[in-house]
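**Q** Quick one: the structure is below, questions incoming.
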Amino acid sequence: MLPRLSSVLRTLPSSTAPMARMISRATPLPLTRTSSAAISFLNSPSISYKTHRLDASSPSNSSSLFGRGFRVLCRREEESVVRSSRKVFAEQRGYRKARRRVAKSKQKELELNVSICIEDELPDDPEVLNIAEMLRLNAPTLMKLAFDSLKDSTYKTRDTAVEDVGGFESIELSILFCNDEFIRKLNKEWRDEDHATDVLSMSQHVPELKLPILMLGDIVISVETAARQAEERGHSLLDEIRILMVHGLLHLLGFDHEISEEAEAEMEKNEEFLLQSLGWKGKGLIQSAYDSETNTNIQVENSDEQKLKDRKKEGSLRFYKPKFSYIFCDMDGTLLNSQSQISLTTAKALKEALSRGLKVVVATGKTRPAVISALKKVDLVGRDGIISEFAPGVFIQGLLVHGRQGREIFRRNLDRDFCRETASLPVVISCFSWWLLVQCITHELALLLTIKDFVFLLAANNIGCDCPWALALVAYQYSWEHKVPLIAFSGDRCLTLFDHPLVDSLHTTYHEPKAEIIPAIEDLLAAVDIQKLIFLDTAEGVATTIRPYWSEATKDRANVVQAIPDMLEIVPPGTSKGSGVKMLLDHLGISTKEIMAIGDGENDVEMLELASLGIALSNGSEKAKAVANVIGASNDEDGVADAIYRYAF
């Protein structure tokens with residue numbers, strides 16, 4: 001029996017250990033009947049099983065939730081039986097009294113049909129599937145014991161709408177497993193309470209219809225909340241789900257712990273009786289809620305409730321399917337906090353996402369060794385982590401891209417022919433001019449040659465700054481003249497002309513390889529291929545002096561970008577982190593609709609625009625936030641973890 005979801009259980013005021021009570025509304029919805037376990041009994045619990053496949057393709061017009069699919073635990077496929085829908089509304093709180101049916105022959109068997117359903121958005125978690133199998137046996141046994149306990153019992157507060165079960169030919173019950181997101185929407189749809197709960201019970205019994213079948217109703221259990229409560233209470237998930245099933249069934253049989261203290265005592269006593277009689281672990285839900293340390297009267301501020309409403313909790317991703325195939329994530333200012341570290345909370349979220357099949361790819365201005373160094377500290381390096389020598393990634397602002405098996409698929413340098421140009425420079429520049437350039441740069445003779453003089457000298461020899469190696473020479477001269485450290489990035493290496501505390505910080509703080517000092521500029525430029533140059537200074541120095549100067553000097557001959565405030569990067573024109581991401585996606589055969597991107601800097605703009613969902617952290621640049629779909633928490637507030645729990649599943 002697919003849930004028609006008529007009456008529901010209300011939760012207790014506690015935000016952490018909710019329980020429920022019945023309300024009087026009864027509204028049947030269209031459904032497809034299914035049964036996954038049946039039990040026939042007179043005085044003995046002889047059990048036989050039959051199974052049907054669930055078909056939930058017909059959503060209710062009155063609820064947007066029921067267009068979603070469900071899966072039923074079954075052994076073989078049988079024909080489904082569709083019932084027509086009817087609507088019955090209760091005018092007041094409570095249940096109508098049922099007309100007592102004439103008892104049938106004691107030889108007539110009463111059949112119990114139980115469906116164990118799994119909401120379609122709940123992944124195939126092995127533990128949940130095993131519990132569903134177990135409940136195929138447990139639920140009919142519980143029902144028989146609960147019905148037997150009603151005989152010759154005098155409950156002062158129980159609604160007696162369900163009384164003589166022997167007057168029916170069969171009894172139907174469905175149990176649906178779902179996650180917090182589903183049960184929260186259900187709670188909002190039917191009770192106008194916008195929060196998740198552990199269990200909802202929905203009676204489908206309408207005595208006036210005089211049916212030969214007792215449609216007992218539906219028990220909806222959030223296995224996500226159940227898992228948290230099981231951990232808090234020190235027992236297994238199976239134990240907690242059994243407790244919730246008992247609680248939900250008693251509600252369907254007319255018990256309601258919220259109408260009075262006497263009613264609560266009666267229901268609590270029956271919970272304990274059923275659990276103990278069946279040998280199931282744990283206390284009843286009522287007693288557990290009062291015993292729980294989390295069941296307090298502490299009120300959560302409305303702002304906090306709103307902030308956490310859509311955010312899944314730590315350890316809960318096992319109950320959700322990923323919305324994306326890949327997350328592309330920046331490092332500095334995003335994955336790394338202001339201390340250039342990955343927090344434990346963020347690391348846990350990343351590991352949990354990886355365990356659920358979501359792939360995380362780094363897209364950064366850093367070198368690959370720097371990424372490995374940072375992630376190694378939180379055990380995210382290796383084949384089961386985010387980065388390794390065999391993992392794809394986008395590095396050095398998209399100038400170095402690694403694909404499948406970590407193979408390099410793209411590299412862009414400032415100028416690959418510079419080494420050859422260096423050998424023939426005396427042909428282009430007079431020997432004296434070249435000697436003067438080298439001596440000034442190498443020996444810090446800044447007073448002899450200013451940057452303007454240097455550019456003039458190049459122009460006098462018909463060499464413009466649009467020549468890539470000439471641009472590099474100007475950059476190195478600028479570095480010497482203004483005492484601003486300059487780092488050349490070449491693959492997995494960093495090189496510089498002189499030592500400086502800021503150069504050391506690139507290694508100690510930002511995890512980059514320790515810079516190699518090559519004081520002779522002609523040796524440095526001739527030795528390696530250079531992908532990008534970085535000036536290091538204070539944030540104020542970069543903003544007021546270095547960036548304005550180099551934005552003007554490079555024009556359209558190079559790109560000037562910033563990942564963090566105290567660094568300015570010069571990269572070849574027409575390249576960006578976004579173009580590197582696009583190249584990697586094409587290599588992997590992944591569409592942009594399958595990715596979520598998280599960043600903070602202006603160098604992340606194209607990547608955020610490219611992704612199906614672009615998230616800029618609140619500490620990010622205005623340019624990044626302007627193009628993002630969502631503004632997330634800051635990097636010091638575990639913004640990446642928050643984005644994963646809120647949007648990725």
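**Q** Report the FRET efficiency, 1/(1 + (r/R0)^6), for Asp194 and Thr545, where r is their Cβ-Cβ distance and R0 is 51 Å, rounded to 0.05.
**A** Values: r = 52 Å, r/R0 = 1.02.
In this case the efficiency is close to 0.45.
**Q** Can you work out the FRET efficiency for the pair Thr141 and Ser612, with r the C-beta to C-beta distance and R0 = 41 Å, to the nearest 0.05?
**A** Once rounded, the FRET efficiency stands at 0.30.
**Q** Here is a further query. Can you tell me the length gained on complete extension of the stretch Asp152 to Asp636, counting 0.36 nm per residue apart and subtracting the Cα distance?
**A** Going from the current span to full extension adds 167.9 nm.
**Q** Sticking with the crude label model, points 7 Å out along Cα→Cβ, report the distance from Phe390 to Arg407 in nm, one decimal please.
**A** Reported label-point gap for Phe390 and Arg407 is 1.4 nm.
**Q** Sticking with this one: Using the basic label-point model (7 angstrom from Cα toward the beta carbon), what is the Tyr290 to Ser505 distance in nanometres?
**A** 6.0
**Q** State, to one decimal in nm, how far the label point of Arg383 lies from the label point of Lys210, with both points 7 Å from Cα in the Cβ direction.
**A** With each label placed 7 Å out from Cα toward Cβ, I get 7.0 nm.
**Q** Within the set of other residues whose C-beta is less than 15 Å from the C-beta of Val640, count the net charge using Lys and Arg as +1 and Asp and Glu as -1.
**A** On the way: positive: Arg311, Lys312, Lys348, Lys351, Lys359, Arg646; negative: Glu314, Asp330, Asp332, Glu352, Asp600, Asp604, Asp636, Glu637, Asp638, Asp642.
Charge balance in the 15 Å sphere: -4.
**Q** Please list, short to long, the whole-number percent of alpha-carbon pairs of region 515-649 in consecutive 10 angstrom bins beginning at zero.
**A** It works out to 11, 32, 34, 18, 5, 0, in whole percents.
**Q** Please give the contour-minus-distance gain from Lys593 to Lys483: 0.36 nm per residue of separation, less the Cα-Cα distance, rounded to one decimal in nm.
**A** 35.0 nm
**Q** Would you list Thr345, Thr496, Thr364, Thr554 from fewest to most Cβ contacts within 10 Å?
**A** Values: Thr345 15, Thr496 23, Thr364 29, Thr554 19.
Result, fewest neighbours first: Thr345, Thr554, Thr496, Thr364.
**Q** A further question follows. Through the Karplus equation 6.51 cos²θ - 1.76 cosθ + 1.60, θ set to phi - 60°, convert the phi angles of region 141-148 into ³J(HN,Hα) values in whole Hz; use x for Gly and Pro.
**A** 5, 4, 4, 4, 5, 5, 5, 4
**Q** Here's something else I'd like to know. Between Ser338 and Glu516, what is 0.36 nm times their sequence separation minus the Cα-Cα distance? Round to one decimal in nm.
**A** 61.5 nm
**Q** Compute the FRET efficiency between Ala265 and Glu232 as 1/(1 + (r/R0)^6), taking r as their Cβ-Cβ distance and R0 = 25 Å, and round to the nearest 0.05. Write out the running numbers ahead of the final one.
**A** Numbers: r = 24 Å, r/R0 = 0.97.
That pair, Ala265 with Glu232, gives E of 0.55.
Every read-out reported here was derived from the displayed coordinates using simple, explicitly stated rules and does not represent laboratory data. Computed from a predicted structure; not experimentally measured. Every residue, glycine as well, gets a Cβ built from its backbone with ideal geometry; the counts of neighbours run over all protein chains shown.
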